[in-house]
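A quick write-up on the structure given underneath.
The values are calculated or read from the model by the stated rules, or taken from the named source; none is laboratory data. Keep in mind it's a predicted model, so treat the numbers as computed, not measured. FYI the Cβ positions are ideal-geometry reconstructions off the backbone, even for glycines, and counts take in every protein chain you see.
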Amino acid sequence: MNAAAAHAAPAAALDPQRTLGALRADFLDDKAFDDGEVVHKWIEWVKLGPIPIPIPNPPSRVQALKLHDVHHIVTGYGTDWIGEYEISGWEVGAGLHTNPVAWTFCLMGHTAGLVVCPRKTVRAFARGRRCRTLLDQDPDVVFGKTLAEGRAFCGTDQPQPEVTAGDVTRAVGWGALGVFTSLLPPLAWLIARFGKAPDTILTAES
């Protein structure tokens, strides 16, 4: 995640038959991002705007960031700060499952987005509520799928829904939880640690 980077190419402009792995490789090369294969240290400092926040940096963060990259591709949200707030809102709405790192950085990003760009964040959250994330999937399997398959699985091939009062209420509720998550990252770790693990849906054969 890089605040200085430009918005990602809109998903509609990409070849739907290319694999998500190939598109992610292009994405990383274009943004000059690390591929996330190496866990450098146990605590990583991530900036939300000008504020540095410490988050756990175990191997699960590597997996979460790989799939977070793919989310940028299938949704079309950018990699500047507004785009990161939007995709955080989308990921919270679509489901964080039991990945502790996702609970940490997505909730923090969603909460910050409600402060900085509330309309865009709520709109992304509302879209996410009608979608699902890839955070419970095997990255290697995901990388073998085409963009069309990824969009269909996530639900991002559907039009942007109208934002309802229920969307707004839920977005604010998650934002309130995100305040505590920002102050106490271990809370998010515990929530995910003791949650029920979802079933893996995508397989190499499907």
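Taken over segment 152-167, the criterion of being within 16 Å of VAL74 (Cα to Cα), without any contact (Cβ under 8 Å) to a residue 60 or more places away in the chain and either in contact with a Leu (Cβ under 8 Å, 6 or more places away or on another chain) or loosely packed, with under 11 Cβ neighbours inside 10 Å (or both) is satisfied by PHE153, PRO159. Across segment 98-131, the number of residues qualifying as surrounded by fewer than 19 Cβ atoms within 10 Å (Cβ to Cβ) and either part of a loop (DSSP other than H, G, I, E, B) or basic (Lys, Arg) (or both) comes to 5. Within this structure, PHE27 passes the test of being buried (at least 19 other Cβ atoms within 10 Å of the Cβ), modelled with pLDDT under 90 and in contact with a Phe, Trp or Tyr (Cβ under 8 Å, 6 or more places away or on another chain).
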